[in-house]
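Student: Let me give you the structure first, and then I'll get to my questions.
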Amino acid sequence: MSSPRLSALITGASKGIGAAIAVQLAQDGFDIFLNYRSDHTQAKKVAEQIEAAGVSCTLLPFDVADGDAVEKQLALLLDAPPFVLVNNAGFAADSLFGMMDDNSWKSVIDVHLNGFFNVTRTLLPRMMRKRKGRIVNIASTAGQTGNPGQANYSAAKAGLIGATRSLAVEVAKRNILVNAVAPGFIETEMLDGLPVDEIKKRVPLGRFGRPEEVAYMVSFLCSDKAQYITGQTFSVNGGIYAS
Ligand code: NAP
């Protein structure tokens, strides 16, 4: 009798990097739980691509920053927790520090850092019981170095890298591997409005990355080939920063 397929939950996967990760993990053979916040049309298009890979896709729209919603929506995953959790949901609200309002600071910390906490805390006890799992946190070059106008975003992403390290040490004995991936500039809606030609000149490879190029790294970290890797941060950034 063949064993049931493993599953993966990806947050913020209606578009961009999260969608590319979801499609790649589907091609790797995982059933997909696809979280997003509001873009139902786009999420359904991603679901079609996932199902075309021959696996299932369950749409789970909720705000990762809303702890009650997370608990409620993830209840259906608790009996059979996913093998993979990718904490990817996020957005930026850039502003120079002197002009940053409460909402820009709190909303960015809320999604990236509290979102990671809400989703991971809900699933982790069940993953630990299964004694297997992979958690991949999507950080950013901004969490490794500084970007003007991004103190909120850098703080959230640096916090995520720190949480990755500590959690990895905590759960290693339960065979749960926790890593972060830090993309540089990747072609998604998040770059809308930025001076792209100027920024490209700063990237040693001379171009922005594609969402799929981040997804390949996540795919590797969730594969059998990555069984001795935990607590690390992997940059996918065209050489713009070397840690
Ligand atoms: P994107 O194209 O704007 O997609 C963001 C995704 O996150 C969407 O699916 C969105 O859902 C979802 N989302 C936003 N807030 C959410 C919330 N509160 N709850 C649940 N889902 C939420 O962004 P992206 O560029 O792919 O970014 C993905 C991740 O990569 C983020 O963590 C970002 O910080 C990180 N990153 C991006 C870059 C880059 O250059 N693009 C670089 C470094 C790191 P809806 O649209 O359906 O509401």
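Student: Could you work out the pair-distance distribution P(r) of the chain from its alpha-carbon pairs, with 5 angstrom bin width and percents rounded to whole numbers?
Tutor: Over the chain, the share of Cα pairs per 5 Å bin runs 1, 7, 14, 19, 21, 18, 11, 6, 2, 1, 0, 0, 0 percent.
Student: Taking 0.36 nm per residue of sequence separation and subtracting the Cα-Cα distance, how much length would be gained by fully extending the chain between Ser95 and Asp66, in nm to one decimal? Provide the component values of the computation, followed by the final result.
Tutor: On the way: separation 29, 0.36 × 29 = 10.44 nm, distance 2.38 nm.
Fully extending the segment from Ser95 to Asp66 adds 8.1 nm.
Student: Restricting to DSSP H runs of at least four residues, report the calculated mean residue ellipticity at 222 nm for the chain, -39500 (n - 2.57) per run over all residues, nearest 500 deg cm²/dmol. Don't skip to the end; give the middle numbers.
Tutor: Working: 8 runs with 96 residues, N = 243.
Theoretical 222 nm ellipticity from helices: -12500 deg cm²/dmol.
Student: Please compute the per residue accessible area over segment 1-46 with all protein chains in place, 1.4 Å probe, rounded to a whole number of Å². Kindly include the intermediate steps, with their values, before the conclusion.
Tutor: Numbers: 2070 Å² over 46 residues.
For segment 1-46, the solvent-accessible area averages 45 Å² per residue.
Student: So how exposed is Ser243, as accessible area in Å² (1.4 Å probe, rounded to 10)?
Tutor: 110
Student: Output the pairs from Lys15/Lys44; Lys132/Lys173; Lys130/Lys173; Lys132/Lys225; Lys106/Lys157; Lys72/Lys173 with a Cα-Cα distance over 18 Å in this structure; if there are none, say none. Walk me through the numbers on the way to the answer.
Tutor: Numbers: Lys15/Lys44 10 Å; Lys132/Lys173 10 Å; Lys130/Lys173 12 Å; Lys132/Lys225 15 Å; Lys106/Lys157 13 Å; Lys72/Lys173 29 Å.
Lys72/Lys173, as the Cα separations exceed 18 Å there.
Student: Among 78-86, 119-127, how do they line up by average Cβ neighbours within 10 Å per residue, starting with the highest?
Tutor: Working: 78-86: 19.9, 119-127: 18.0.
The peptides rank, most packed first, as 78-86, 119-127.
Student: Would you please name the GluC sites (Glu not before Pro) within segment 13-100 that are DSSP coil residues with at most 12 other C-beta atoms within 10 Å of their C-beta?
Tutor: Sparse-neighbourhood loop GluC sites (Glu not before Pro): none present.
Student: A further question on this structure: Quick one: how many Å² of Phe234 are accessible to a 1.4 Å probe, rounded to 10?
Tutor: In the full protein context, Phe234 sits at about 50 Å².
Student: Select from the chain the helices, each a whole stretch of DSSP H, whose alpha-carbon atoms run 24 Å or more along the helix axis and whose Kyte-Doolittle mean is at least -0.5; answer none if there are none.
Tutor: Numbers: long enough: 151-171 (29 Å, 0.55).
Span-like helices, by this rule, are 151-171.
Student: Still on this structure, I have one more. I'd like the carbon and sulfur percentage of the solvent accessible area for the chain, probe radius 1.4 Å, heavy atoms only, ligands and nucleic acids excluded. Could the numbers behind the result be given before it?
Tutor: Numbers: 6110 of 11970 Å².
It is 51 percent, rounded to a whole number.
Student: Also, quick follow-up: When the scattering of segment 88-158 is computed by the Debye formula from its Cα atoms alone, each counted once and equally, what is log10 I(q)/I(0) at q = 0.15, 0.26 Å⁻¹?
Tutor: Per q value, in the given order, log10 I(q)/I(0) is -0.54, -1.11.
Student: Give me the accessible area of Met128, 1.4 Å probe, in Å² rounded to the nearest 10.
Tutor: 50
Student: Right, something else. When ligands, DNA and RNA are left out and all protein chains stay put, how many square angstrom of accessible area per residue does segment 121-217 have with a 1.4 Å probe?
Tutor: Values: 4720 Å² over 97 residues.
Per-residue accessible area for segment 121-217 comes out at 49 Å².
The values are calculated or read from the model by the stated rules, or taken from the named source; none is laboratory data. Please read these numbers as outputs of a predicted model, since none were measured by experiment. Methodologically, a virtual Cβ is constructed for each residue, glycine included, from the backbone with ideal geometry; neighbour enumeration extends over all protein chains shown. Remember, those area values only see protein heavy atoms, side chains included, never the ligands or the DNA or RNA. Shrake-Rupley method; radii C 1.70, N 1.55, O 1.52, S 1.80 Å.
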